[in-house]
Amino acid sequence: MIDPIGGPVNRRYAAPSSAPAESDIAPQSDRVELPGSQNPFLRDCTRTGATVKPDDKFQVSILLKRPDNNFQPGPFKSVDPAEQAPPNPQQLANLEKFAKQYGLSIANIDPKTFTVTLDGTAANYQKALGVKFGMYKDPQGNEFRSYKGAISLPKTLAPGVTGVLGADNHPIAHPM
């Protein structure tokens with residue numbers, strides 16, 4: 001299949017008509033924005049008009065807050081993971097409930113890095129993260145999935161989360 005410009009069309013993405021309705025995104029009343037989750041790369045990018053297929057599958061990693069009971073002011077010291085407190089069981093319970101509520105599954109829990117990896121579809125992540133995905137193109141011509149605005153999470157989950165990775169697949173490193 002060829003697009004109007006003459007290049008191949010990536011069959012992974014659907015025409016704009018398959019975009020989710022605003023009602024497909026989680027209501028904002030019981031949610032809070034995740035600080036720092038707005039995508040700074042989009043200011044130099046253009047929206048392509050294509051949308052992400054609702055059934056596209058990918059993984060997103062949730063970074064949990066670490067207990068700060070070992071914090072000591074002064075020079076940085078590495079911490080032996082064996083001496084580090086594990087993730088808070090309530091954080092994990094909240095995340096498991098969140099994943100189940102939005103049709104996501106937990107692919108991996110890494111207690112050493114406080115990272116939980118989720119499996120799911122674009123439609124489920126849109127609802128879970130309170131965003132609307134679209135396809136964008138950066139100045140180098142790379143096409144990627146992203147979202148405008150900030151990720152929002154349920155008020156019960158947000159205090160235990162420091163970041164969400166993988167909702168955007170913008171290339172960070174470029175070949176030299």
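The values are calculated or read from the model by the stated rules, or taken from the named source; none is laboratory data. Since we're looking at a predicted model, the values are computed, not measured. We place every Cβ from the backbone using ideal geometry, glycine too, and count neighbours over all the protein chains shown.
Miscellaneous remarks
- Residue match in region 141-156 (condition: crowded, with 20+ Cβ neighbours inside 10 Å, farther than 16 Å from residue 170 by Cβ, aliphatic (A, V, I, L, M) and touching a Lys or Arg at 6+ places or on another chain (Cβ under 9 Å)): yes
A quick yes/no check of all residues on (1) on the phi > 0 side of the Ramachandran plot; (2) in contact with a Lys or Arg (Cβ under 6 Å, 6 or more places away or on another chain); (3) at pLDDT 90 or above:
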| site | (1), (2), (3) |
| --- | --- |
| 7 | no, no, no |
| 18 | no, no, no |
| 23 | no, no, no |
| 40 | no, no, no |
| 48 | no, yes, yes |
| 55 | no, no, yes |
| 63 | no, no, yes |
